[in-house]
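Comments concern the structure below.
The values are calculated or read from the model by the stated rules, or taken from the named source; none is laboratory data. Note that the coordinates shown come from a computational prediction; the quantities given were computed from them, not determined experimentally. Here the Cβ is made from the backbone with ideal geometry for all residues, glycine too, and neighbour counts use every protein chain on show.
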Amino acid sequence: MISKKASKRKTEVAARKPMKRSPAKKRVAGRRAQNKQAIRNRIVKAALGLFQTKGFDGTTTRAIARKAGIAEGTVFNYFKNKEDIALYFFEQEVGHAVASVRDNERLRKAPLEEKLFALVEGQLEYLAPYERFIGAALIHALKPSSPLGPFSHRAMELRHRYLGFVEELMEESIPKHKQDPLAFLAPEVFWIYYLGTLLYWLYDSSENKQNTLAFLDRSLTIGVGLLKKGKR
Amino acid sequence: MGADIAGSYLGYALQRAFLGETKTRTKLKSTHTRAARRMRDEMQSLRGTAMKLGQTLSLQTGVLPDETLAELATLQMQAPGMHPSLVRVQIKRSLGRDPEEVFKQFTPEPFAAASLGQVHHAITKAGERVAVKVQYPGIREAITNDVKLFRAVSKPAQASGHLPKVAIDELEKQFLAETDYQREADNIEFFEKALAPLSFVKVPRLLRKYSAGKVLTMSLMRGQHLDDFLANRPSQKLRNELGTRLFDLFYFQVLKIGSLHADPHWGNYLFETDGRISLVDFGCVKTLSPATVTYLHQAFLYSGSIHSADFGRLMETYYRAEGLKLLAVTRRSLIKFAENFYRKVYPPDPKKDYRFDFGSREFLNDYLNESKNLFRTKGMLADLIFMVRSEMGLYQTLHRLKAQVPTSQIVRNHLRPAHGR
């Protein structure tokens with residue numbers, strides 16, 4: 001055990017060595033990347049704040065720039081338009097929710113309904129501060145030409161990533177899932193379920209959105225039960 | 001499963017219209033056995049509100065067999081179980097942080113079911129072992145909906161007066177009160193003070209710092225639930241002692257503090273082998289009206305004839321104080337109740353070492369019969385409905401303990417000295 005640990009430490013040290021060749025250069029590059037990320041975050045934060053108060057349609061890139069304290073031109077160095085900012089936010093949201101399920105050691109052995117619960121709840125928690133904007137974005141996404149809409153390339157990619165993860169979770173818990181001729185439908189159905197949940201959540205006026213929690217819990221228990229029944 | 005039982009009874013009701021009287025009886029019996037078995041198996045999964053309301057309804061219409069009824073009285077409103085992820089969300093939304101941050105240690109799996117939720121072990125940052133009660137989300141709305149539905153389906157029983165509106169209102173109020181953990185926190189602190197004179201009763205200490213929203217934290221209580229306690233075959237002496245104390249506790253609350261702890265559910269009591277009793281659930285607390293308390297003081301162990309005009313005046317005064325007219329039928333069944341039950345179990349002039357043996361089945365049947373008759377007379381007072389429910393739980397527990405209890409003596413200890421005596 002000890003020797004294993006020691007050898008591991010050795011390889012780590014070895015792996016770190018080449019980096020030391022140009023420390024100054026690396027540090028500068030790292031700082032620049034960090035800087036860029038900080039500005040990107042500032043723009044997103046400013047935009048979300050405005051989406052929430054002024055509405056998505058009522059927000060201009062100029063207003064976003066002003067709120068973020070940068071030139072409007074700088075915004076375009078990072079994002080094409082405000083739809084681009086919104087998409088970036090949703091990518092972050094999905095990434096956050098996926099990571100929160102994956103990084104949770106205990107969840108690994110949890111039943112499927114709990115994993116899916118943790119995933120969707122993680123998303124809702126991430127979205128909660130921007131509830132008004134989410135409602136507007138949903139409506140906006142319904143316009144055929146909208147880059148947020150289901151037919152835009154990037155939105156589709158994001159959905160694939162999300163549903164890919166859902167399918168991964170399903171296979172983990174139901175090993176023979178893929179053999180079912182209708183298995184390909186499961187993630188699609190989940191996507192519709194997710195949109196429905198989002199609507200339910202938006203309209204949920206109960207204290208602390210307690211009804212959404214109950215809805216999520218009960219519906220996932222039933223849904224996963226159906227999924228498992230289909231496999232037998 | 002709820003639909004199963006409903007279906008079975010609905011089927012019975014339909015058949016009854018076409019069967020003769022004797023056939024009806026045998027049919028009823030087999031329906032009961034079948035339904036009762038199903039109920040025992042899966043009772044806990046029934047929707048809480050519907051179950052409790054159904055129980056009260058059946059008390060009045062005789063739809064359910066007595067055995068099942070008695071069991072129902074002690075059942076608890078049960079919510080679905082929560083997995084650790086849901087528990088985490090509930091704690092975070094109530095206390096603002098994840099359970100692992102709030103406590104030094106938190107066990108994600110529950111150790112007990114509670115009314116409307118579940119209970120978890122935890123250790124506070126100060127090192128104290130505590131019980132953390134977490135409520136299932138959306139219960140309040142579910143109850144409101146269930147009651148609405150129940151009001152709709154029980155319209156005929158309401159119209160005929162067999163199911164008084166006040167009974168449904170009263171139950172709804174109680175159920176909703178149970179969802180309010182803030183109120184329960186106040187109850188715990190109230191009973192900690194009020195029950196202090198009873199040295200054998202232990203009440204948990206509330207930790208306000210860890211209690212908010214759907215989370216309630218209190219000191220961890222020790223002891224065994226009734227089933228586990230009985231499994232160890234306690235001696236008759238110990239059973240008598242505990243029975244006597246439960247009885248004492250009940251009438252101390254009714255007659256001395258005018259407030260009553262808890263749903264009469266066994267899970268709400270923990271027993272220790274040294275005879276101590278711990279109370280654990282304070283969601284359901286009923287404060288009796290002053291008129292009720294006065295009436296009970298005067299009517300209990302009434303030394304004269306219960307057929308006397310004086311006793312009649314007692315009941316009339318009570319009803320008038322509550323703003324209701326005492327109907328002749330209600331009056332008759334109250335007297336019958338006293339005659340066939342209370343005089344037997346609580347003799348006004350007991351011998352010196354008198355103890356009532358709750359081990360016999362007979363007294364329980366008497367109680368069920370008389371309370372059913374009383375409920376059927378319409379014009380029941382809300383406080384009496386609650387008293388019947390609680391007493392039923394007490395008697396069930398005493399019956400299971402097979403305890404011998406000096407009933408009249410204990411009650412007498414808690415009675416105010418009567419006027420002019």
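Tabulated data for the structure shown
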{"item": "Checking A:VAL75 against (1) surrounded by 14 or more Cβ atoms within 10 Å (Cβ to Cβ); (2) under 23 Å from A:GLU131 (Cβ atoms); (3) over 18 Å from the mean Cα position of the chain (by Cα); (4) not basic (Lys, Arg), the condition it does not meet", "result": "(2)"}
{"item": "Answer from A:PHE89, A:PHE133 - the residue that is under 29 Å from A:PHE56 (Cα atoms), touching a helix residue (DSSP H, G or I) at 6+ places or on another chain (Cβ under 8 Å) and at pLDDT below 90", "result": "A:PHE133"}
{"item": "Any hit, the stretch A:204-219, residues being more than 13 Å from every other protein chain (Cβ to nearest Cβ) and modelled with pLDDT of 90 or more", "result": "no"}
{"item": "Residues of the stretch A:56-67 satisfying the condition of being part of a loop (DSSP other than H, G, I, E, B) and surrounded by 14 or more Cβ atoms within 10 Å (Cβ to Cβ)", "result": "A:PHE56, A:THR59"}
{"item": "Selected residue (criterion: farthest from B:THR244 (Cα to Cα)) from residues of the stretch B:346-356 that are crowded, with 16+ Cβ neighbours inside 10 Å and under 26 Å from the mean Cα position of the chain (by Cα)", "result": "B:TYR346"}
{"item": "Residue among A:LEU199, A:LEU182 that alone is under 30 Å from B:ALA212 (Cα atoms) and more than 14 Å from every other protein chain (Cβ to nearest Cβ)", "result": "A:LEU199"}
{"item": "Verdict on A:SER173 being among the polar types (S, T, N, Q), in contact (Cβ under 8 Å) with a residue 24 or more places away in the chain, away from chain B (no Cβ under 14 Å) and touching a helix residue (DSSP H, G or I) at 6+ places or on another chain (Cβ under 9 Å)", "result": "no"}
{"item": "Odd one out for A:ILE70, checked against (1) among the hydrophobic types (A, V, I, L, M, F, W, C); (2) outside any loop (DSSP other than H, G, I, E, B); (3) without any contact (Cβ under 8 Å) to a residue 60 or more places away in the chain; (4) away from every other protein chain (no Cβ under 14 Å)", "result": "(2)"}
{"item": "Among the residues listed as A:ILE192, A:ILE222, the single one being among the β-branched types (Val, Ile, Thr), assigned to a helix (DSSP H, G or I) and more than 17 Å from the chain's Cα centre (by Cα)", "result": "A:ILE222"}
{"item": "Residue under evaluation A:GLU83, criteria (1) surrounded by fewer than 21 Cβ atoms within 10 Å (Cβ to Cβ); (2) modelled with pLDDT of 90 or more, criterion not met", "result": "(2)"}
{"item": "Restricting the stretch B:82-133 to residues that are among the basic types (Lys, Arg) and in a strand (DSSP E or B), the residue that is surrounded by the fewest Cβ atoms within 10 Å (Cβ to Cβ)", "result": "B:ARG129"}
{"item": "Among residues of the stretch B:92-115, those that are among the aliphatic types (A, V, I, L, M) and either over 30 Å from the mean Cα position of the chain (by Cα) or within 12 Å of another protein chain (Cβ to nearest Cβ) (or both), counted", "result": "2"}
{"item": "Only listed residue being hydrophobic (A, V, I, L, M, F, W, C) and in a loop (DSSP other than H, G, I, E, B), chosen from B:MET392, B:MET380", "result": "B:MET380"}
{"item": "Any hit, the stretch A:136-159, residues being within 14 Å of another protein chain (Cβ to nearest Cβ), within 18 Å of A:TYR193 (Cβ to Cβ) and charged (D, E, K, R)", "result": "no"}
{"item": "Qualifying residue in the stretch B:325-339 (condition: in contact with a Gly (Cβ under 6 Å, 6 or more places away or on another chain) and not in a helix (DSSP H, G or I))", "result": "yes"}
{"item": "Which listed residue, of B:GLN135, B:GLN118, is within 14 Å of chain A (Cβ to nearest Cβ), touching a residue at least 40 places away in the same chain (Cβ under 8 Å) and closer than 19 Å to B:ALA212 by Cα", "result": "B:GLN135"}
{"item": "Residue, nearest to the other protein chains (Cβ to nearest Cβ), within the stretch A:113-129, restricted to residues that are surrounded by fewer than 18 Cβ atoms within 10 Å (Cβ to Cβ) and of a type outside the set (Asp, Glu)", "result": "A:ALA128"}
{"item": "Positions within the stretch B:195-223 being among the aliphatic types (A, V, I, L, M) and within 14 Å of chain A (Cβ to nearest Cβ), in sequence order", "result": "B:ALA212, B:VAL215"}
{"item": "B:LEU171 being at pLDDT below 95, more than 27 Å from A:GLU125 (Cβ to Cβ) and not aromatic (Phe, Trp, Tyr)", "result": "yes"}
{"item": "Any helices (runs of 4 or more DSSP H) falling wholly within the stretch B:147-238 and containing at least 3 residues that are buried (at least 17 other Cβ atoms within 10 Å of the Cβ)", "result": "B:165-178, B:181-194"}
{"item": "Residue, farthest from the other protein chains (Cβ to nearest Cβ), within the stretch A:88-112, restricted to residues that are surrounded by fewer than 20 Cβ atoms within 10 Å (Cβ to Cβ) and among the acidic types (Asp, Glu)", "result": "A:GLU91"}
{"item": "A:LYS143, sole failed condition from (1) farther than 22 Å from A:LEU220 by Cβ; (2) touching a helix residue (DSSP H, G or I) at 6+ places or on another chain (Cβ under 6 Å)", "result": "(2)"}
